[in-house]
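Before any comments, here is the structure.
The values are calculated or read from the model by the stated rules, or taken from the named source; none is laboratory data. Source: prediction; values computed, not measured. Reconstructed Cβ throughout: ideal geometry from the backbone, glycine too, with neighbour counts over all protein chains shown. Remember, those area values only see protein heavy atoms, side chains included, never the ligands or the DNA or RNA. Shrake-Rupley method; radii C 1.70, N 1.55, O 1.52, S 1.80 Å.
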Amino acid sequence: MFDDLKGKRVLITGSTQGIGLAAVEAFARAGAKVAMNGRRTPADLEATLARLNGLGGEVVFLQADVSDSAACGTLVEAFVERFGGIDVLINNAGGLVARKPLPEIDDAFFDAVTDLNSRSALMVTKHALPHLKAAAAQNGTTSSVISVGSVAGYTGGGPGAGLYGAAKAWLHNIQKNWVAFHTKDGIRFNMVSPGTFDTAFHADKDEDTKARIGSGFPMGRFGRPEECAPTFLFFASHACSGYITGQVLDVNGGQYMP
Ligand code: NAD
């Protein structure tokens with residue numbers, strides 16, 4: 001179904017675990033050339049790469065803290081040096097940083113949350129843009145930027161997650177500008193907006209709490225990272241979504257219906 005992803009060059013930020021790692025695995029199975037990125041080098045990197053490289057594609061690890069703008073440029077450069085260009089960028093790195101209600105928010109926390117969730121996607125996309133444009137021109141189809149939003153981008157976020165929700169809403173919004181001004185470059189921009197997925201993001205909750213929260217969703221449970229991964233393949237594949245741009249696909253088990 002995703003045959004056109006074979007050999008595609010895919011950069012996925014924040015992908016050493018959780019939703020990002022499931023995406024790396026899915027693209028590797030589709031035969032793509034993938035860079036897994038993390039702020040730190042995982043302790044089990046060698047074994048992880050050996051496993052991922054047995055799936056049918058080619059996977060490398062590129063360390064970079066994408067909340068640092070200079071590192072975003074260096075990451076893109078390193079990727080292009082390795083694979084010769086970029087066909088697909090997935091802006092997945094993100095997180096709460098911490099839970100802080102309004103009275104506790106200071107400048108440092110504001111910067112940390114927005115740098116990780118908003119600035120990172122903007123800066124990596126900015127640096128990737130000429131390469132995505134060149135790839136689209138070369139292959140005569142489209143390149144694809146997929147950013148990871150959140151249900152919190154609609155709802156405003158849970159306790160202490162207001163800044164996080166706003167940073168994701170910012171992404172949902174700025175994509176519209178990118179579509180308006182860069183469709184002419186042959187680049188499509190879409191967003192995958194997860195609901196509540198069982199990853200380290202929810203490490204502050206025990207299993208009973210997760211089950212109780214999940215039972216309130218129409219699907220009755222949290223999502224699993226591998227249930228999000230096919231949506232990235234869909235938006236990356238020109239054959240599947242070549243006329244789809246500027247959209248937000250909600251993968252949330254019915255938790256929220258915008
Ligand atoms: P996770 O914490 O399991 O994974 C986050 C990944 O980002 C890790 O690989 C980590 O190394 C990486 N990362 C963190 N800071 C980084 C930095 N500065 N530079 C580079 N990499 C960095 O979380 P997850 O649940 O897999 O989240 C993935 C994305 O999905 C995030 O954007 C998150 O906001 C979003 N999301 C998650 C949920 C959920 O319920 N899990 C819900 C909505 C949205």
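Report in % the part of the accessible area of segment 25-178 that belongs to carbon and sulfur, leaving out ligands and nucleic acids; probe 1.4 Å. Taking all protein chains in place, segment 25-178 shows 53 percent carbon and sulfur surface. Using only the C-alpha atoms, the convex hull of segment 41-179 corresponds to 139 Å³ per residue.
Shown here is the pair-distance distribution of segment 179-258: with all Cα-Cα distances grouped in 10 Å bins from zero up to the longest one, the shares run 17, 40, 26, 15, 3 percent. Taken along the Cα-to-beta-carbon direction at a fixed 7 Å, the label points for Glu77 and Arg40 span 2.6 nm. Reducing segment 204-238 and segment 113-187 to their Cα centroids gives an inter-centroid distance of 21 Å. Take Tyr154: with every protein chain present and a 1.4 Å probe, its accessible area is about 80 Å². May I ask which of Lys126/Lys184; Lys133/Lys168; Lys126/Lys168; Lys6/Lys126; Lys100/Lys176 have a Cα-Cα span longer than 23 Å here? As for pairs spanning more than 23 Å Cα to Cα, those are Lys133/Lys168; Lys6/Lys126; Lys100/Lys176.
The slack between Met257 and Met1, meaning 0.36 nm per residue of separation minus the straight C-alpha distance, is 89.4 nm. Calculate I(q)/I(0) for segment 126-208 by the Debye formula, one identical point scatterer on each C-alpha and no solvent, and give its log10 at q = 0.21 Å⁻¹ to two decimals. Listed by q, the Debye log ratios stand at -0.94. Please report the antiparallel percentage of DSSP beta bridges with both residues in the chain, rounded to the nearest 5. Approximately 0 percent, going by the DSSP bridge assignments. The Rg/Rh ratio for segment 20-83, using Cα coordinates for both the radius of gyration and the Kirkwood hydrodynamic radius, is 0.97. All other residues whose Cβ lies under 9 angstrom from that of Thr16 are scored, Lys and Arg at +1 and Asp and Glu at -1, for a net of +2. The label-point distance for Ala50 and Asp106, in a model that sets each label 7 Å from Cα toward Cβ, rounds to 4.6 nm. Within segment 131-173, list the residues whose amide N lies under 13 Å from a label point set 7 Å along Cα→Cβ of Ala180. What the label zone holds, given the 13 Å backbone N cut-off, is 173.
Given +1 at the Cβ of Lys and Arg, -1 at the Cβ of Asp and Glu and no other charges, the dipole of the chain around its Cα centre is 560 debye to the nearest 20. How big is D, in µm² s⁻¹, for segment 117-258 by Stokes-Einstein at 20 °C and 1.002 mPa s if Rh is the Kirkwood radius over C-alpha pairs? Taking Rh from Cα pairs, D becomes 133 µm²/s. Taking label points 7 Å from Cα along the Cα-to-Cβ direction, Met219 and Val60 give a separation of 3.4 nm. Selection among Cys240, Asn37, Val59 by position relative to the dipole of segment 3-251 gives Cys240 as farthest towards the positive end (Cβ unit charges, Cα centre). At the residue level, Arg212 shows approximately 150 square angstrom of accessible surface with a 1.4 angstrom probe and all protein chains present.
Normalised per residue, the accessible area of segment 3-251 is 45 Å², obtained with a 1.4 Å probe and no contribution from ligands, DNA or RNA. The trypsin sites (Lys or Arg not before Pro) of segment 45-142 that meet both conditions, a loop assignment by DSSP and at most 15 other Cβ atoms within 10 Å of the site Cβ, are Arg99. P(r) for the chain, from all Cα pairs and a bin width of 10 Å, is 7, 32, 38, 19, 3, 0 %, short bins first.
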